[in-house]
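Reading through the structure tokens given below for one structure.
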Amino acid sequence: MRAALKILAALVFAAASACNGGGAPEFAPGTSVLRLAEVNDVPTLDPAAGYDTVSWLFEQMLFSTLVRYGDADVKLHPDAALSWTVSPDATVFTFHLRRDIRFTSGRAVTSADFRYAIERVLNPKTNSKGMEYFRSIQGAPEFIAGRAAHLSGIVTPDPWTIIFHLRAPDPIFVDKLAMPFAAAVPHEAVERWGEDFSRHPVGSGPFMLKEWIGGQRIVMVKNPHYFIRDLPKLDAVVDLLGVSAELEWLKFEAGEIDVSAIPTAEFVYVMKTPSLKRLTTHQVTVATQYLGMNSQMAPFTDLRVRQAFNYAIDKHKLIALLNGRGVVAHGVMPPTLPGFDPDLKGYPYDPDRARQLLAEAGMKRLNVKLWLLADQTELMVGQSIQQDLALVGVDLTLKPIALAPLLDAVRQPNNVPFMVFGWEADFPDPSNFLDVLFSRSQWGANNDTFYYNPRVEALLKEAAPVTDLKKRYALYDQAEKIIVDDAPWVFLYNPVAYVIHQPWVHDFVLNPMRPTRLEKVWVSPHH
Amino acid sequence: MLIYLARRIVFGAVVLLGTSLITFLIAFVIPADPAVAMAGAKADPQTLATIRHELGLDQPLYVQYGRYLDRALHGDLGRSYIRRQSVTALIVSRFPATAILAVSAMALSLILGVLMGTVAAAWHDRPIDHTLLVFSLGLVSMPVFWLGTMLLIAGGLYLRDFPLGGFEGPRSLVLPTITLALGSAGYYSRILHTNLVEALGQDYVRTARGKGLSPARTMFKHAMANALLPLVTLAGLDLAGLLSGVVLTETVFDWPGIGRLAFEAIFNLDIPLIMGTVLFAAFLIVVANLAVDLLYLWLDPRIRLEQAP
């Protein structure tokens with residue numbers, strides 16, 4: 001009877017597993033496999049569609065872009081391009097491609113494939129999140145409106161050369177080409193699979209998709225035709241999907257996965273245990289967390305109130321609450337961003353000065369509502385701020401809500417006076433912080449404090465086309481100084497990312513701005 | 001009988017239509033822009049406008065609902081905004097995992113519930129009854145996420161007898177099944193206990209005893225048949241609930257079912273996927289209701305007589 005029940009259970013499970021994709025993947029002995037886990041499922045593997053860390057982790061493995069960032073830095077390196085030149089006015093960009101790149105289908109990658117990828121992103125029917133990055137190419141308005149079959153601003157004189165002509169100078173256009181949106185895709189595969197290209201991706205990156213079972217796992221295997229010899233070092237990567245942070249940690253402890261995030265509850269234990277601490281790696285991200293104050297809404301229309309809030313917040317205490325996983329922010333730009341101004345001092349913790357400024361502004365007792373994401377860490381941050389502000393006579397009410405309504409709410413004018421938010425760079429240039437977050441044109445979009453200062457506006461306009469980096473950064477630094485003086489934000493901290501890996505994992509490094517690249521990672525044999 | 005069945009089916013269809021309408025309206029009333037959810041927090045206004053137009057979000061609500069209904073009737077629940085896959089295909093791919101967990105948890109909870117309820121009723125007001133009462137209440141009160149995590153630590157990390165989550169082989173079914181079944185088992189045992197104690201005091205049971213039937217035969221042949229009836233309704237509806245996804249258990253055990261899919265859809269404001277999973281859950285509940293009604297007709301002749309014209 002018991003045996004019959006066992007057989008029945010096994011049969012039922014086999015039937016269900018067959019529908020869902022079967023058991024754990026098996027590899028031949030000696031195969032070098034890196035095992036990971038993700039909290040989220042993979043939204044997409046289509047480079048035109050993905051705009052999140054998890055999708056980009058895999059897209060980096062599957063596809064090649066003309067240029068890419070270093071493994072642990074945000075400097076541009078050639079990827080599919082051998083070299084490139086930029087015209088002095090930053091309107092013409094010429095790339096020369098390697099001739100030894102092939103899609104996993106076997107076909108050679110040519111300049112037409114890069115052109116096709118960008119046209120696909122700009123095609124409204126693709127619903128790509130990357131459209132805005134390529135609108136500056138000549139002919140983009142006509143192409144988007146359907147009045148032109150191709151972008152006139154992309155010229156491919158031969159299979160190994162691609163030239164971009166822009167409508168206006170854009171010194172950071174090369175950075176935009178490092179985003180997965182601009183990765184080469186073969187038109188024949190996209191046309192064959194249509195919207196399901198994401199399930200059947202064909203690229204020219206270091207890995208190929210072997211298996212993707214939604215909600216369970218994704219398995220990547222080495223692309224034997226990858227154009228950089230001896231890479232990737234791994235034979236395969238298995239990533240378990242939808243694993244909660246707690247389960248991820250249990251799996252790491254059991255040796256079932258090789259790299260893990262460190263849950264808050266375990267962080268102190270890990271950092272106090274030398275054998276574990278030496279397995280951790282960390283990196284200051286190109287991101288800034290802040291408290292946004294809507295400068296069009298009372299009481300934040302008064303500069304003294306905004307400055308008082310800056311003096312009132314104890315950022316060191318906040319970072320201690322986060323187990324040290326942050327560095328104090330003195331301004332908008334994080335220290336890992338090129339153009340960062342180390343001389344900017346910001347606002348020290350000075351509750352007396354805060355009280356004095358509030359008194360000067362005639363604010364004896366203030367009641368303010370802080371909008372924030374309904375998540376454990378944000379609530380902890382909110383409570384710390386509540387405590388700090390209470391000391392200077394401000395009654396703070398927390399309003400935790402879900403991300404989608406929060407994003408919608410902050411985009412409405414005169415709606416959200418005070419909020420906890422963060423910004424993570426898409427490319428390493430001050431414009432990706434200052435233009436996007438403080439220009440008048442971003443009201444109702446990313447300028448969630450509805451900040452406006454004509455001097456800042458003029459400086460941003462002046463800096464945008466400047467190709468001389470020293471001059472460019474000097475202009476942005478001037479703009480940042482004015483913004484810090486105007487204090488539309490309380491500049492909180494720059495998050496530091498931490499991961500821990502097993503002792504048999506080598507060369508796993510974190511990039512400040514992008515998911516880790518896995519082609520140079522290796523695992524000791526017979527671990 | 002046929003008229004009754006037809007009436008129930010029409011009623012079920014109306015419920016589904018109402019559910020689709022309410023879900024649709026809720027999705028559009030909540031203060032969040034699906035285009036922002038799809039394009040991400042950093043999207044510029046032009047990109048958002050393009051996406052709204054491409055998705056038809058700039059059309060009047062009734063047009064959008066009409067299109068949705070038309071497609072749904074053809075089995076097409078739209079495409080997920082975030083995953084860009086067919087919602088129907090996503091639900092179909094996740095259903096087997098949820099179904100196997102739901103059915104095994106239901107089976108275990110019924111076995112345990114009936115066992116505990118019967119023992120407690122047979123020894124009513126004795127120490128074993130009181131012990132089982134406390135035990136059942138403990139099971140009902142135990143939070144699923146806590147129990148699941150404890151079982152994972154004990155069975156997966158220390159004993160290493162069971163996998164640490166995932167959907168890989170029959171052994172991976174054991175811990176989530178226990179986690180999901182214990183709470184319902186405690187509940188069922190209390191319901192059955194109450195019904196059995198009541199039934200054991202009825203005249204027909206006393207008559208059976210007077211005829212010289214053994215206590216066991218009286219219990220199982222006479223009292224149990226009536227006491228089990230309310231459990232049929234409960235278990236039927238519970239099964240429909242389980243089949244439409246168990247978010248916490250699926251999350252704790254990395255179980256790739258519909259509950260986790262629905263949770264992710266809500267978190268990402270993936271409206272087609274939210275609507276698809278809600279409609280699917282409503283469909284299961286309507287079907288379960290119908291099945292329970294039919295089962296009742298078959299089990300209880302009195303109901304059959306009442307329904308007769």
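The values are calculated or read from the model by the stated rules, or taken from the named source; none is laboratory data. Not measured: the values here are computed from a predicted model. When we count neighbours, we look across all protein chains shown, and the Cβ atoms used for this are built from the backbone with ideal geometry, even at glycine. Just the protein is used for accessible areas: all its heavy atoms, side chains included, with ligands, DNA and RNA removed. Shrake-Rupley method; radii C 1.70, N 1.55, O 1.52, S 1.80 Å.
Can you send over the carbon and sulfur percentage of the accessible area for region B:2-73, probe radius 1.4 Å, protein chains only?
Carbon-and-sulfur percentage of accessible area, whole number: 72.
Compute the separation of the alpha-carbon centres of region A:154-183 and region B:233-279 and state it in Å as a whole number.
44 Å
At 1.4 Å probe size, with the rest of the protein present, what percent of the exposed accessible area of chain A is carbon and sulfur atoms?
56 percent
For region B:252-301, with all protein chains present and a 1.4 Å probe, just round the carbon and sulfur fraction of the accessible area to a whole percent.
Carbon and sulfur together cover 82 percent of it.
Report, in whole Å, the centroid distance computed from the Cα atoms of region A:282-302 and region A:313-374.
Centre-to-centre (Cα) distance: 9 Å.
If you take every DSSP beta bridge fully contained in region A:287-496, what fraction is antiparallel? Give it as a percent rounded to 5.
Expressed as a percentage, antiparallel bridges in region A:287-496 total about 60.
Which residues make up the longest stretch of chain A clear of trypsin sites (Lys or Arg not before Pro) that lie in a DSSP loop with no more than 13 other Cβ atoms within 10 Å, not counting the sites? Each step should come with its number before you reach the end.
Numbers: sites that count: A:LYS75, A:ARG99, A:ARG147, A:ARG229, A:ARG278, A:LYS345, A:LYS364, A:ARG365.
Counting only loop sites that pass the neighbour cut-off, the longest clear stretch is A:366-527.
At 1.4 Å probe radius, can you tell me the per residue accessible area of the protein assembly as shown in Å²?
43 Å²
Name the residues of region A:39-82, by number, that are at least 50 Å² less accessible with every protein chain in place than in the isolated chain; the surface is that of heavy atoms, probe 1.4 Å, without ligands or nucleic acids.
Residues of region A:39-82 that lose at least 50 Å² of accessible area once the other chains are added: A:ASP41, A:PRO43.
Can you name the helices of chain A, as whole DSSP H runs, whose Cα span along the helix axis is 20 Å or more and whose Kyte-Doolittle mean is not below 1.0?
A:2-20
Rounded to the nearest 100 Å², what is the sum over both chains of accessible area buried where A meets B, with a probe of 1.4 Å?
So the total buried area for this chain pair works out to about 4400 Å².
Step by step: find N for region A:64-198, compute 2.2 N^0.38 Å, then divide the Cα radius of gyration by it. What's the final number?
Its radius of gyration relative to the 2.2 N^0.38 Å reference: 1.01.
Using the Kirkwood formula over every pair of different C-alpha atoms, what hydrodynamic radius in Å results for chain B?
About 22.4 Å for chain B.
Work from the charge dipole of the protein assembly as shown (Cβ charges, +1 for Lys and Arg, -1 for Asp and Glu, about the Cα centre) and give the residue of A:ILE228, B:SER141, A:ALA72 farthest towards its positive end.
Sorting the options by dipole projection puts first B:SER141.
To the nearest 20 debye, what is the magnitude of the charge dipole of the protein assembly as shown about its Cα centre, counting +1 on the Cβ of each Lys and Arg and -1 on the Cβ of each Asp and Glu?
Charge dipole, the protein assembly as shown, about its Cα centre: 1540 debye, nearest 20.
Which residues make up the longest stretch of chain B clear of trypsin sites (Lys or Arg not before Pro) that lie in a DSSP loop with no more than 16 other Cβ atoms within 10 Å, not counting the sites?
By the stated rule (loop sites, at most 16 other Cβ atoms within 10 Å), B:1-159.
Computed on alpha carbon atoms, what radius of gyration and Dmax characterise region B:143-294, expressed in Å?
20.4, 65
Toward the positive end of the charge dipole of region B:93-307, about the Cα centre and with charges on Cβ (Lys, Arg +1; Asp, Glu -1), which of B:LEU173, B:GLY245, B:SER93 goes farthest?
Selected residue: B:LEU173.
Along the charge dipole of region B:206-309, which of B:ALA281, B:TRP298, B:THR207 sits closest to the positive end, that is, farthest toward it, with unit charges on the beta carbon of Lys, Arg, Asp and Glu (+1, +1, -1, -1)?
B:THR207
In region B:117-164, which residues give up 50 Å² or more of accessible area once the other protein chains are added, compared with their chain alone (1.4 Å probe)?
Residues of region B:117-164 that lose at least 50 Å² of accessible area once the other chains are added: B:LEU157, B:LEU164.
Going by a 1.4 Å probe on protein heavy atoms, which residues of region A:130-144 end up with at least 20 Å² less accessible surface in the whole assembly than in their chain alone?
By number: A:MET131, A:GLU132, A:ARG135.
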